[in-house]
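Undergrad: Have a look at this one.
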Amino acid sequence: MYPLFRPFLFALDPETAHEVVFAGLDAAARVGLTKAFAPQVPASPVTAMGLTFPNRVGLAAGLDKNAAHIDALAGLGFGFIECGTVTPRAQPGNPRPRLFRLPEADALINRMGFNNGGVDRFLANVERASWRGVLGLNIGKNFDTPNARAVDDYLACLRAVYARASYVTVNISSPNTKGLRELQADDALDALLTALKREQATLADTHGKHTPIVVKIAPDLTPGAVAAMAKLFIRHRVDGVIATNTTVSREAVSRLRHADEAGGLSGRPLRASSTKVIRTLAKALDGAIPIIGVGGILSGKDAQEKIDAGATLVQIYTGLIYRGPDLIAECARALAAH
């Protein structure tokens, strides 16, 4: 049914369309209609990070920033859902407009800037959800927290969400918070991982459970930088890596409307560079740490490409905007067949 609604939604401002869709999904979930209309997704369990995923296809962070729509999203057939990015304190993000469609390229540009209601509201929403599937909670730092104190923000969020998360993603790769990507540099990353893994061990003792820590990296890294990060991930025994976030490159969309807007580019133009990073990362990790592949997945074939490059799981976001829920089932079926 999504192709029937898409022209109406695409006639709206992208953020308004986002709100309209979630209002509809929430209403459908309340009366039990979501699963009735969602495409059937085959069961194809896979184990990674000590967790069992019903299928390999997850929702990437960014769509449900405040974890306010978990039950509605769960009815669409995802094998796992990731919410956030959340910061310790509420923040409005960047001024509107801050989300742009590039339909000729099946792409989006966003400069949202970690707009969210803060970790307390976020966690309250998580607790209200009835779904108990694999839930990733994605954490970041407030825009006005200097990088010298960024560790404090990540630790505050980790402590808050640890008990309820299936895994926690550390977002150090968004291009929309000034200076955030500097945390991917060797010394900064080493210090951050040291603090997070130490806190993870303490929290595991406190809560009696090991919640995996996953790091999300950028697609705009050199192969050497990816290899250097992989060494740190192995040394610190990071539980997983998400590759990749959005790109600041405009090479593939340079002549399109909105191409000059600041922010991260996602969708089809990101597919090749994301897959290249996955392949480089997989070679450097040599099976030591699972990879979640994300970036430019608009078909089952695209999802399989990520797995072939070395990913264990995949996530979608922009593809969902352009293809609708059918994409979830298509990708799950493609990956179940291999």
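Undergrad: Where residues in the range 107-162 are among the small types (G, A, S) and free of Cβ contacts under 8 Å to residues at least 24 places away in the same chain, which of them is nearest to F53 (Cα to Cα)? Break it down into steps so the answer makes sense when it comes.
TA: From the range 107-162, those among the small types (G, A, S) are 107, 113, 117-118, 124, 129-130, 133, 136, 140, 148, 150, 156, 160; that's our starting set.
Narrowing further to those that are free of Cβ contacts under 8 Å to residues at least 24 places away in the same chain: 124, 148.
Values: A124: 24, A148: 36 Å.
Among those that are among the small types (G, A, S) and free of Cβ contacts under 8 Å to residues at least 24 places away in the same chain, it is A124.
Undergrad: Looking only at residues in the range 236-275 that are among the basic types (K, R) and in contact (Cβ under 8 Å) with a residue 40 or more places away in the chain, which one is farthest from E104 (Cα to Cα)?
TA: Taking the range 236-275 and keeping what is among the basic types (K, R), we get 237, 250, 255, 257, 268, 271.
Okay, now just the ones that are also in contact (Cβ under 8 Å) with a residue 40 or more places away in the chain, so 237, 257, 268.
Values: R237: 41, R257: 9, R268: 10 Å.
Once the filter is applied, the top-ranked residue is R237.
Undergrad: Then there is this: Do the conditions hold for E182, that is, is it under 30 Å from T47 (Cα atoms), at pLDDT 95 or above and of a type in the set (D, E, K, R)? Steps first, please.
TA: Values: under 30 Å from T47 (Cα atoms): no; at pLDDT 95 or above: yes; of a type in the set (D, E, K, R): yes.
No.
Undergrad: Which pairs have Cβ atoms under 8 Å, sit 6 or more apart or on different chains, and link a residue in the range 289-310 that is more than 18 Å from D326 (Cα to Cα) to one that is among the polar types (S, T, N, Q) and surrounded by 24 or more Cβ atoms within 10 Å (Cβ to Cβ)?
TA: Every condition considered, the pairs that remain are I292/Q315; G293/S274; G293/T275; G293/Q315; E305/T275; K306/S274; K306/T275; A309/T275.
Undergrad: Within the range 60-80, how many residues are under 16 Å from the mean Cα position of the chain (by Cα) and outside any loop (DSSP other than H, G, I, E, B)? Break it down into steps so the answer makes sense when it comes.
TA: So in the range 60-80, the residues under 16 Å from the mean Cα position of the chain (by Cα) come out as 60-70, 73-74, 78-80.
Filter once more, so that each one left must be outside any loop (DSSP other than H, G, I, E, B): 70, 73-74, 80.
So the count comes out to 4.
Undergrad: Take the residues in the range 246-267 that are touching a helix residue (DSSP H, G or I) at 6+ places or on another chain (Cβ under 9 Å) and over 17 Å from D220 (Cβ atoms); name whichever of them is surrounded by the most Cβ atoms within 10 Å (Cβ to Cβ).
TA: Looking at the filtered set, the residue picked out is L256.
Conditions tested, residue by residue: (1) of a type in the set (D, E, K, R); (2) within 22 Å of I289 (Cβ to Cβ).
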site	(1), (2)
S174	no, yes
K209	yes, yes
L232	no, yes
R268	yes, no
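Undergrad: Out of S266, S299, report the one residue that is touching an Asp or Glu at 6+ places or on another chain (Cβ under 7 Å) and small (G, A, S).
TA: Working: S266 fails: touching an Asp or Glu at 6+ places or on another chain (Cβ under 7 Å).
After ruling out the rest, the residue left standing is S299.
Yes or no, residue by residue, for (1) surrounded by fewer than 17 Cβ atoms within 10 Å (Cβ to Cβ); (2) of a type outside the set (F, W, Y); (3) farther than 12 Å from I213 by Cα:
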| site | (1), (2), (3) |
| --- | --- |
| F114 | no, no, yes |
| T145 | no, yes, yes |
| R149 | yes, yes, yes |
| A160 | no, yes, yes |
| Y167 | no, no, no |
| D187 | yes, yes, yes |
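Residue-by-condition table, conditions (1) touching a Ser or Thr at 6+ places or on another chain (Cβ under 7 Å); (2) of a type in the set (F, W, Y); (3) over 23 Å from K306 (Cβ atoms); (4) crowded, with 22+ Cβ neighbours inside 10 Å:
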| position | (1), (2), (3), (4) |
| --- | --- |
| T177 | no, no, yes, yes |
| D190 | no, no, yes, no |
| E199 | no, no, yes, no |
| T206 | no, no, yes, no |
| K209 | no, no, yes, no |
| P219 | yes, no, no, yes |
| I234 | no, no, no, no |
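Undergrad: So which residues in the range 107-122 are farther than 19 Å from E15 by Cβ, part of a loop (DSSP other than H, G, I, E, B) and touching a helix residue (DSSP H, G or I) at 6+ places or on another chain (Cβ under 9 Å), if there are any at all?
TA: Correct list: empty.
Okay, residues lined up against (1) out of contact with any Asp or Glu (no Cβ under 9 Å at 6 or more places or on another chain); (2) farther than 22 Å from V314 by Cβ:
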residue	(1), (2)
E82	no, no
V86	yes, yes
L108	yes, no
D120	yes, yes
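Undergrad: Quick check on the range 1-15: of everything there that is part of a helix (DSSP H, G or I) and aliphatic (A, V, I, L, M), which residue is surrounded by the most Cβ atoms within 10 Å (Cβ to Cβ)? Show your work before the answer.
TA: Initially, the range 1-15 is screened for residues part of a helix (DSSP H, G or I), giving 2-10, 14-15.
This time we only want the ones that are aliphatic (A, V, I, L, M), so: 4, 9.
Values: L4: 8, L9: 17.
Ranking the qualifying residues of the range 1-15, first place goes to L9.
Undergrad: Another one. With respect to the numbered conditions (1) surrounded by 18 or more Cβ atoms within 10 Å (Cβ to Cβ); (2) touching a helix residue (DSSP H, G or I) at 6+ places or on another chain (Cβ under 8 Å), which one is the sole condition not fulfilled by S44?
TA: (1)
The values are calculated or read from the model by the stated rules, or taken from the named source; none is laboratory data. Nothing here was measured: the structure is a model prediction, and the numbers come from that model. Please note: Cβ atoms are built from the backbone with ideal geometry, for glycine as well, and neighbour counts cover all protein chains shown.
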